[in-house]
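None of the figures in this text is laboratory data; all of them are computed from the coordinates on show. Note that the structure is predicted; figures quoted are calculated from it, not measured. Positions of Cβ are generated from backbone atoms using ideal geometry, with glycine treated the same way; all protein chains shown enter the neighbour counts.
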Amino acid sequence: MIFKSKIKWAALVGLLLSLASLVTHLLLARSSTTDLVQYKTGILTIFNWRPVVENEEFVPRAKNQTSHYRKLWGPVKSLQSLQPFANPRSNNYPAASWHNNGFIFVKLQGGFQEIRTSICDVVAVARLLNATLVIPELQETTSTKRISLKFKSFGYLYNEEQFIAALINDVLIVKSLPKRFKTARKNNELPVFSPAYSASTDFYLREVLPSLKKTKAVGLLISGGGCLQPILPPKLAEYQRLRCRVAFHALRFRQEIWELGTRIVKRLQASGRPYLIFHPGLVKDALAYHGCAELFQDVHTEMIQHRRLWMIKHGIIQGDLSVDSEVQRHNGSCPLMPEEVGILLRALGYPPDTIIYVSGGEVFGGQRVLIPLRAMFNNLVDRTSLCTDKELSVMYGPEEPLILPSPPPPHSDNEKLRLATWQNAGPRPRPLAPPAARPKYPHEIEGWWGWVAEADKEPEPTPLDFRMRAHKLLWEALDYIVSVEADAFFPGFNRDGNGRPDFASLVMGHRIYESASLKTYRPDRKVIVKLFDDIRDHLYKPNHTWLVSVREHLNNSTHESGLIQMSLNAKPLSFLSHPLPECACRTSKIDEISAFNLSYIKDSLGRLLYGGEDLCPEWMNRGIMSSGEKEKDEDDDSEDTEVNSGQVKDNINGNSSEETGGKSEDNQPMVQDEEMDVDD
């Protein structure tokens with residue numbers, strides 16, 4: 001009995017010693033890990049395969065909690081002095097009158113950005129010619145496209161009543177032509193003009209105005225975007241402000257679109273976190289126009305080449321079919337791939353749980369192109385994941401079901417019939433000749449790209465394709481609402497299938513007008529491609545110096561240098577992509593404006609690129625200054641609280657600062673590498 005009790009005591013002592021040894025090893029491992037984390041020198045792990053927990057508890061973070069947070073989501077302070085101001089400023093700007101030169105009716109062709117730009121231009125043209133404007137007709141939304149009969153052409157996308165009321169002092173707008181002109185139009189008795197892209201004011205004054213005075217009604221057929229030159233002479237600055245009033249005040253989406261778009265924004269903001277918009281710009285026409293086919297593989301490259309051949313035959317492209325996509329990419333003529341954008345966002349410090357909304361409709365190449373970006377950011381969403389089919393059907397309106405042509409029936413496999421045919425056949429040579437080739441039936445062609453192997457040209461659009469084009473206008477309208485309200489915006493590309501500013505450029509211009517201080521990245525793709533070439537062998541483990549270069553370039557693109565570059569590249573092609581300085585004013589708080597802002601920079605034409613805005617009126621100044629002082633006091637209080645509260649983690653959802661690429665001030669390593677800190 002005594003012997004057994006000694007064994008029990010020995011076992012108990014051994015168990016206690018093992019437990020003490022385990023605790024000691026855990027403490028040593030924890031302390032050594034901390035030392036290793038402190039010694040790391042700016043190596044960022046791009047991929048993070050952390051799973052998303054759907055019901056993960058989240059505590060919203062105050063916007064002024066950390067400096068790193070403000071760098072990612074906070075406003076650009078140097079641009080806070082810019083305010084939207086598109087009101088007429090000239091005393092010699094009379095209201096519109098019914099005693100004018102006649103009526104102008106317009107038919108618009110193109111996508112979302114072409115329609116929006118053209119509407120702003122035709123309003124300015126109507127004011128220039130002192131004419132009454134008939135509400136434009138949208139070719140993509142006519143009744144022949146099998147869309148809902150509940151909405152008229154213009155009313156399918158925009159609110160007609162708002163459009164007329166908002167411009168009542170600028171241009172007289174009616175819903176239809178008078179009866180006598182309707183009859184003349186049906187009989188082709190009225191002159192119709194097709195102005196070229198970016199036509200000058202002289203064209204309208206010399207060519208269109210005489211016909212308007214003679215017949216009292218003329219038509220404009222506009223395809224491919226703007227019909228008026230983007231940059232007007234300084235004496236026509238009021239027409240530039242009229243364009244802004246049309247784009248940012250008169251053009252309101254109809255109620256169903258606006259309600260669904262607002263609902264999507266609220267769902268994105270429901271967690272209390274900010275969200276970022278990524279516009280890929282991967283459209284087949286744009287890729288074909290700029291010769292970027294080799295960015296893709298297999299059948300997608302062949303489809304882009306098919307489209308480029310079609311553009312060459314129709315005179316859209318003056319060049320060769322075969323283009324070196326690598327050269328185009330280094331020239332900045334090709335879009336950034338989603339994988340590259342994901343690496344850039346991670347390098348900036350955006351955590352893996354950042355909410356990213358993919359805008360701009362369908363991405364060419366499908367969801368597989370977004371797989372690397374989805375691997376880096378768990379919360380990658382789009383329009384389809386934030387609204388239901390029922391909500392979309394309410395926006396579409398009641399539509400009649402399409403009667404699609406039924407495919408021909410397959411050949412009969414009757415065994416008796418084939419045997420009888422064989423027996424009744426006459427003498428024939430041996431061996432038998434191969435059977436004649438038959439066309440493949442639709443159900444035998446694999447995938448939506450099956451036509452590539454069957455024909456040298458794309459198939460003719462079906463009734464379903466026409467309806468989808470009209471629906472695409474509504475999808476892009478939803479994305480437009482969500483993009484303008486976003487906390488940050490990152491474009492992968494900003495050119496369309498004609499080499500002109502696209503959807504992303506319109507969004508950036510609207511964000512400049514509404515709030516220039518919003519975080520809007522304007523990356524120079526030439527610089528970005530060169531940076532990627534420098535780390536091609538270590539793409540997912542970039543070094544510290546590379547991180548510094550990327551952050552410096554992208555952060556500078558949100559400031560004055562980005563605006564100047566935008567003015568040089570985009571404004572000569574589309575005024576709405578950069579409505580400065582005509583449609584903005586500057587507050588009198590000059591103490592917050594850097595010396596760089598005050599040094600006016602001019603281009604070869606002598607126009608101001610940045611800094612030429614007028615001072616805001618006194619009534620606007622008072623309201624802005626009072627709100628600005630209140631925000632400044634709140635910022636000071638939050639900074640004091642931050643200093644007293646100690647170290648705060650840099651990630652929104654509690655990730656380590658090493659994951660986001662940032663470092664806290666209270667945990668600086670004692671031993672520094674030769675490289676400088678990223679945030680210095």
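Subtracting the Cα-Cα distance of residue 400 and residue 25 from their residue separation scaled by 0.36 nm leaves 127.8 nm. Pairs of Lys residues in the stretch 186-308, spaced 8 or more positions apart or belonging to different chains, with C-alpha separations under 25 angstrom: 4 in total. Here the simple spin-label model places points 7 Å from the Cα toward Cβ, and for residue 175 and residue 458 these points are separated by 3.6 nm. Using the Cβ of residue 261 as centre and a radius below 12 Å, the other residues enclosed give a net charge of 0, where K and R count +1 and D and E count -1. Neighbours of residue 576 by Cβ distance under 11 Å: Lys/Arg scored +1, Asp/Glu scored -1, total +2. Listed values for the stretch 280-293 are Karplus-derived 3J(HN,Hα) couplings in whole Hz (6.51 cos²θ - 1.76 cosθ + 1.60, θ = phi - 60°), namely x, x, 8, 10, 4, 5, 5, 5, 5, 5, 8, x, 10, 5, and x replaces Gly and Pro.
Relative protection proxy for 338-347, 100-109, 378-387, from highest mean packing down: 338-347, 100-109, 378-387 (other beta-carbon atoms within 10 angstrom).
With contacts taken as Cα pairs under 8 Å at a separation of at least 6 residues, the stretch 216-342 carries a relative contact order of 19 percent.
So how do 82-90, 228-236, 512-520 stack up, highest first, on mean other-Cβ count within 10 Å? Kindly include the intermediate steps, with their values, before the conclusion.
On the way: 82-90: 17.6, 228-236: 16.0, 512-520: 20.1.
Top of the packing list down: 512-520, 82-90, 228-236.
Net charge of the neighbourhood of residue 614, taken over other residues with C-beta under 12 Å away and scored Lys/Arg +1, Asp/Glu -1, is +1.
Taking the alpha carbon gyration tensor of the stretch 303-399, multiplying each eigenvalue by 5 and rooting it gives semi-axes of 31, 25, 9 Å, largest first. The order of the peptides 525-537, 242-254, 163-175 by mean Cβ neighbours within 10 Å, most packed first, is 242-254, 163-175, 525-537.
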